[in-house]
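Undergrad: Below: one structure in structure tokens.
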Amino acid sequence: ASAGETRWGIVYELQVKKLLKEKNYAQAYIVSLEGLKKAPTNPHLLYVAGISALQTGKSSEAAKYLQKCLQYDPSNVAARYNLAVVLLKTGDKRQQSVGVDATTLNLYKLGIDHLEYAATLKNAPPETGNLLRQAKAGYARLKTQVASN
């Protein structure tokens, strides 16, 4: 990142940190997107955009920003965990609307992959192991359903 991008990133990081602390996710989303115009590779702003999108019900946007965050900061355990949550929830919604298909299975598999990686990192959320077990059990059930159809 250029020096200018780094400076802008810091300015916006300070703003979004305050907004997240206040749980003002809608404003944090707006400010993080503004910051990404000036610092498009800033992993913290990408993470905040993803988390804020998730908290405001924009799952596809959340996935996009969290994935991009991981491109620049692959060991960001919070981004990895939350991306897994988004993928698993998207898989659940897809299963309810269209049933179980290859895309649904793939969403679960990707979520499991991110949880497995997160579990190897320091500071993984305590619920990572439990969510991973649940996701694997759900994936196994879905695969059985597909196999029997």
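Undergrad: Enter the accessible area per residue of the range 1-107 (Å², integer; probe 1.4 Å; all protein chains in place).
TA: 52
Undergrad: What size of dipole, in debye to the nearest 20, comes out for the range 1-99 about its Cα centre when the only charges are +1 on Lys and Arg C-beta atoms and -1 on Asp and Glu C-beta atoms?
TA: 140
Undergrad: Once the Cβ-Cβ distance between L121 and D92 is put in as r, and R0 is 22 Å, what FRET efficiency do you end up with, to the nearest 0.05?
TA: 0.35
Undergrad: I've got another one for you. Farthest toward the dipole's positive end in the range 30-133, which of L88, G99, T41, given Cβ charges of +1 (Lys, Arg) and -1 (Asp, Glu) about the Cα centre?
TA: The residue sitting farthest along the positive end of the dipole is T41.
Undergrad: Measure off, as a whole percent, the carbon and sulfur share of the 1.4 Å-probe accessible area of the range 1-114, all protein chains present.
TA: About 54 percent, which is the carbon plus sulfur part of the accessible surface.
Undergrad: Same structure again: Quick check: the distance between the Cα centres of the range 108-131 and the range 64-86, to the nearest angstrom?
TA: Spelled out, the Cα-based centre of one part sits 11 Å from the other.
Undergrad: By how many nm would the segment from D113 to K37 lengthen if fully extended, with 0.36 nm per residue of separation less the alpha-carbon distance?
TA: Gain on stretching D113 to K37: 24.3 nm.
Undergrad: Given 0.36 nm per residue, what is the gain on full extension from N130 to L14 after removing their alpha carbon distance, in nm?
TA: Roughly 38.5 nm would be gained on extension.
Undergrad: Normalised by the number of residues in the range 27-148, what is the relative contact order in percent for Cα pairs under 8 Å and 6+ residues apart?
TA: About 19 percent, as a whole number.
Undergrad: Next up: Only helices at least 15 Å long along their own axis, judged from Cα atoms, and with Kyte-Doolittle mean hydropathy of -0.5 or greater: name those in the chain from DSSP H.
TA: Flagged H segments are 3-21, 25-38, 43-55, 77-98, 102-119, 128-148.
Undergrad: In nm, to one decimal, how far is the S75 label point from the I30 one, both placed 7 Å along Cα→Cβ?
TA: 3.7
The values are calculated or read from the model by the stated rules, or taken from the named source; none is laboratory data. Everything numeric in this text was worked out from a predicted model, so none of it was measured. Positions of Cβ are backbone-derived with ideal geometry, glycine not excepted, and every protein chain shown enters the neighbour counts. For the accessible areas, the whole protein counts, side chains as well, though only heavy atoms, and no ligand, DNA or RNA atoms are used. Shrake-Rupley method; radii C 1.70, N 1.55, O 1.52, S 1.80 Å.
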